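Visitor: Questions regarding the structure given below will be posed in turn.
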Protein chains: 2
Amino acid sequence: MSTPLRLGIAGLGTVGTGLVRIVQTNGALITRRAGRLIEIVAVSARSRTRNRGVDISAYAWEDDPVALARRADVDLVIELMGGENGPAKALTEAAIAAGKDVVTANKALLAIHGQALAEAAEAAGVALRFEAAVAGGIPVVKALAEGLAGNRITRIKGVMNGTCNYILTRMEDAGLPYETVFEEANQLGYLEADPTLDVGGIDAAHKLTLLSAIAFGTRPDFNAITLGGIEQISIEDIRAAADLGLRIKLLGVAQMTGRGLEQSMTPCLVPADSPLGQLKGGTNMVVIDGDSVEQIILRGPGAGAGPTASAVMGDVIDIARGLRLPVFGQPAHTLEAAFSAKAMGSKPWYLRMGLLDKPGALAKVAEALGNAGVSINRMRQYGHQDTRAPVLIITHKTTRDAIDHAIALAMRTGVVMGDPVALAIEED
Amino acid sequence: MSTPLRLGIAGLGTVGTGLVRIVQTNGALITRRAGRLIEIVAVSARSRTRNRGVDISAYAWEDDPVALARRADVDLVIELMGGENGPAKALTEAAIAAGKDVVTANKALLAIHGQALAEAAEAAGVALRFEAAVAGGIPVVKALAEGLAGNRITRIKGVMNGTCNYILTRMEDAGLPYETVFEEANQLGYLEADPTLDVGGIDAAHKLTLLSAIAFGTRPDFNAITLGGIEQISIEDIRAAADLGLRIKLLGVAQMTGRGLEQSMTPCLVPADSPLGQLKGGTNMVVIDGDSVEQIILRGPGAGAGPTASAVMGDVIDIARGLRLPVFGQPAHTLEAAFSAKAMGSKPWYLRMGLLDKPGALAKVAEALGNAGVSINRMRQYGHQDTRAPVLIITHKTTRDAIDHAIALAMRTGVVMGDPVALAIEED
């Protein structure tokens, strides 16, 4: 048995506390599996005295996380503070500079600064691992970067924000409007301090950024992702989708097209009886298509102390065992700028809009779609609401560009009231 | 970039050919990911001249797989011949003795000889990896041995034989009897040369043996698994299950109970709307419960050239990257003999039996169950068939032992015609 692996943990919130609990509870098991003792030697957090339900008195305390990263008795720094800048970034950079391995759960940090941090880590010869940053307890980073490494990945799809999935499934199950369920989720503590991170799709898009880099060998580039939130989804959309045998999910899609990599994190429609459509509540799911493996689906809890700490611990044990691989699965300097093919993939679309209740309104909208090259598969007019006639259109396969153009033309007719809702239908 | 990793492949059937195709097609991608060239240098198979659709003329040929294993220019031996004894075992032993790493897709070999081979490999300091042996393309060995290594695993459930799942779903979808669908599967080439390996649950139990060893730190012990095949399942069972909102799956369950590890591979009933219940055709699924991670579900193709070769390639790339871990996730000499708790877990059971159509028959069976301590939750008598009255019983939670005892008592009453069918109901 080799020397112990000594951990320094920065951040003792839900996940940090969960990690301490795993080390304290499953220590003997983990030692057997890792082939060496894994011990916590130092911790850093905002409050030293807060009652966390775990005993941290045996660990050295550092007020300053950067000081933690530089301690001579720490081999591996675990960053669980969060935030794309500030202390998390300073800590990670300091750890790498000090020649320490790093495990982080910080999706925002890596989605924004991942390329620079990966280059620094690889130059320093240290590990930088982030299983816990994506889809909670699901070992999807490992599956992509290791298990499926023989594959040319062709597409990734995923539900990777449990809060949004909770809101959408609760709206459907209880027949409640978005605002009511949003408030419920807030009361339950499901939302980030800035809820836009959740419902705006930003948190999930951070995660997709990281998976895309591994899958497609592209530099992590958050800005290459077409972003849409779930705030626009009404109970009418949920019901209309159900009528069509579909369900609305905040769905990440990263797909290699003939013209480059198309990435989006937007509300989409999926078949209600598909694995994605069946996904309820806070559970996450990632669907991976590869040239050899065909399709793999991974499902599990997307957040929470236990599942996220489980993912952190998996990375820690890998490092204890001596596993070394590039941060995004191939050397960072070989990652290529994604030729971004925004909006090139061809799919059927769902359009819902309110029209002025007067003769010829529908014809004008249909003409606008035709002028944008968007052809209509099915159209349905709902019962009138005041002077507004809600219209639902399912198009034949077309691109996001064409849909955007069609909506712009439709808006110019002057018969469309309010903002139209446009959702891609992800059939397969 | 370090030196190339040189492969010797023994067995060029479906999977071996698939592996050659991956190396030839995705070579550049794999080199980028593995950090070094991975090249095939030698192959061995039964026929040198058979047209496989891939060009093997650049590789050295060995008639004798053992000679392949001993070649000085081979670093890593890939065993894709199959069979629990004979050439596959000789090859694997020779490779380990020659200090070569081994990757195998051979579940039978490892389920029977895994302990000895793991001890030999660990003593020799070589890797012995087997992702492709379990659930085809699904990286479940990696998930268990690495990603979830921080967890105390509490249960594994899985559908791990695609042929059985094909037969069962086809029976339900087409309303056809077992014999007809079995013959269909045979015509389609889905069955092993000895079909008992598939429909008798043996192949799937081999796989469960391997997952159990990793999950619970027990010596791989095929004989510790309670085995049942799907030959006994009739279309009546499929229909009765559907009426109850359930579906029949050949389900592996390995569960740590208070009295030891209980393992079975038997037809079970699962909720029709659960992920396991929704699984159709040849797809595999493994459900893993751990103390931290809660529940992870992995799903994907259970067989086929591409998916299985993808799993082999994942292992090869791990070895190229220098990953070293014990064969079953902890040193083989620390694995413990499973204290086998056959039949201790408590579950509701489904019983179907034909009774003699005469007064008092049902009462006698009910009394027999009561005498065995099995309490009846629901009972239903179907329409008579000739002189036989089919009866369906759902019990309250009880053990397999109690059910076996109840059936033995019922048989002694003389009113039961033919063999009763007893299936555990796996509700959660």
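Only the coordinates and a few stated rules stand behind these numbers; no lab work does. Quick caveat: nothing in here was measured; it's all calculated off a predicted structure. Cβ coordinates were reconstructed from backbone atoms using ideal geometry, including for glycine residues, and neighbour counts include every protein chain displayed.
Visitor: If you take the C-alpha gyration tensor of the protein assembly as shown, multiply each eigenvalue by 5 and take the square root, what semi-axes do you get, largest first, in whole Å?
Guide: After diagonalising the Cα gyration tensor, the semi-axes are 42, 38, 29 Å.
Visitor: Show me the ranking of peptides B:217-225, A:397-405 by mean Cβ neighbours inside 10 Å, starting with the highest.
Guide: B:217-225, A:397-405
Visitor: Looking only at other chains, what is the average number of their beta-carbon atoms within 10 angstrom of each beta-carbon in A:313-321?
Guide: The mean count of partner-chain Cβ atoms within 10 Å per residue comes to 5.
Visitor: Give me the extension gain from B:THR257 to B:THR180: residue separation times 0.36 nm, minus the current Cα-Cα distance, reported in nm with one decimal.
Guide: Fully extending the segment from B:THR257 to B:THR180 adds 23.8 nm.
Visitor: Picking from A:THR387, A:THR163, A:THR154, which is most flexible by a Gaussian network model of chain A using Cα springs under 10 Å?
Guide: Comparing A:THR387, A:THR163, A:THR154 in a Gaussian network model of chain A, the most mobile one is A:THR387.
Visitor: At a Förster radius of 25 Å, what calculated FRET efficiency corresponds to the Cβ-Cβ distance of B:LYS280 and B:LYS397, to the nearest 0.05?
Guide: 0.30
Visitor: Mind checking the alpha-carbon convex hull of segment B:104-206 and giving the volume per residue in Å³?
Guide: Looking at segment B:104-206, the number lands at 132 Å³ per residue.
Visitor: How high is the relative contact order of segment B:150-301, in percent, counting Cα pairs under 8 Å that sit 6 or more residues apart?
Guide: Normalised by residue count, the contact order of segment B:150-301 is 36 percent.
Visitor: Using helices alone, I'd like the mean residue ellipticity at 222 nm for chain B: each DSSP H run of four-plus residues gives -39500 (n - 2.57), total over residue count, nearest 500.
Guide: When only DSSP H runs of four or more count, the value is -10500 deg cm²/dmol.
Visitor: List the distances, in nm to one decimal, from the label point of A:PRO348 to the label points of the same position in every other copy, shortest first, placing each label point 7 Å from Cα along the Cα-to-Cβ direction.
Guide: Spelled out, the distances from A:PRO348's label point are 3.8 nm.
Visitor: Now for a different question. Give the order of B:SER234, B:SER310, B:SER2, B:SER346 when sorted by the count of other beta carbons within 10 angstrom, beginning with the fewest.
Guide: By the 10 Å Cβ count, ascending: B:SER2, B:SER346, B:SER234, B:SER310.
Visitor: Could you give the C-alpha radius of gyration of segment B:79-156 expressed as a fraction of 2.2 N^0.38 Å, taking N as the number of residues it contains?
Guide: Cα-based Rg divided by the globular estimate yields 1.13.
Visitor: Could you pull the copy-to-copy label distances for A:ARG324, with points set 7 Å along Cα to Cβ, in nm to one decimal and sorted shortest first?
Guide: Copy-to-copy label distances for A:ARG324: 1.3 nm.
Visitor: Return the loop-located trypsin sites (Lys or Arg not before Pro) in segment B:214-283 (DSSP other than H, G, I, E, B) with at most 16 other Cβ atoms within 10 Å of their own Cβ; answer none if there are none.
Guide: Here the trypsin sites (Lys or Arg not before Pro) that fit, given the DSSP loop and packing criteria, are B:ARG259, B:LYS280.
Visitor: Then there's this: Of A:ALA366, A:GLN381, A:ALA67, which is farthest towards the positive pole of chain A's charge dipole, taken about the Cα centre with +1 and -1 on the beta-carbons of Lys, Arg and Asp, Glu respectively?
Guide: Of the listed residues, the answer is A:ALA67.
Visitor: Can you tell me the relative contact order of chain A? Whole percent, Cα pairs under 8 Å, sequence separation 6 or more.
Guide: Computed value for chain A: 16 percent relative contact order.
Visitor: While we're here: With labels modelled as points extended 7 Å from the Cα through the Cβ direction, what inter-label distance (nm, one decimal) is found for A:LEU37 paired with B:ASN51?
Guide: Simple spin-label model gives 6.5 nm for this pair.
Visitor: Can you put A:LEU269, B:LEU392 in order of Cβ neighbours within 10 angstrom, beginning with the fewest?
Guide: Arranged by neighbour count, lowest to highest, A:LEU269, B:LEU392 become B:LEU392, A:LEU269.
Visitor: Consider a paramagnetic label point 7 Å from the Cα of A:ALA60 along Cα→Cβ; state which residues of segment A:84-124 have an amide N under 16 Å from it.
Guide: A:95, A:98-101
Visitor: Per residue of A:185-192, what is the mean number of Cβ atoms on other protein chains within 10 angstrom of that residue's Cβ?
Guide: Per-residue shielding by partner chains comes out at 0.
Visitor: My understanding is that a pair violates if its Cα-Cα distance is over 32 Å; which of A:LYS157/B:LYS280; A:LYS107/A:LYS280; A:LYS142/A:LYS347; A:LYS207/A:LYS397; A:LYS249/B:LYS107; A:LYS280/A:LYS397 do that in this structure?
Guide: Over 32 Å Cα-Cα: A:LYS249/B:LYS107.
Visitor: Additional query: Across 10 Å bins from 0, what is the distribution of all Cα-Cα pair distances for chain B, in whole percents?
Guide: Taking every Cα pair in chain B, the percentages come to 5, 21, 28, 23, 13, 7, 3, 0, 0.
Visitor: At 0.36 nm per residue, and after removing the present C-alpha to C-alpha distance, how many nm does the segment from A:GLU84 to A:GLU231 gain when stretched out fully?
Guide: Gain in length upon complete extension: 50.5 nm.
Visitor: Work out, in µm²/s and without decimals, the Stokes-Einstein translational diffusion coefficient of segment B:349-425 at 4 °C, 1.567 mPa s, Rh from Kirkwood over C-alpha pairs.
Guide: The diffusion coefficient I find is 107 µm²/s.
Visitor: Oh, and also: Run the Debye formula on the Cα coordinates of segment A:155-313, all scatterers equal and no solvent, and tell me log10 I(q)/I(0) at q = 0.13, 0.17, 0.21 1/Å.
Guide: Values returned for q = 0.13, 0.17, 0.21 Å⁻¹ are -0.60, -1.02, -1.46.
Visitor: Points 7 angstrom from Cα along the Cβ direction at B:ASP194 and B:ALA123: gap in nanometres?
Guide: It is 2.8 nm.
Visitor: Taking each label point as 7 Å beyond Cα in the direction of the beta carbon, state the distances from A:LYS280 to the same residue in the other copies, shortest first, in nm.
Guide: Those label-point separations list as 2.1 nm.
Visitor: Testing the spin-label approximation: label points 7 Å from Cα along Cα→Cβ at A:ASP428 and A:ASP173. State their distance in nm.
Guide: 3.2 nm
Visitor: For segment B:285-347, take every pair of Cα atoms, bin their distances at 10 Å starting from 0, and report each bin as a whole percent.
Guide: 14, 24, 45, 15, 2
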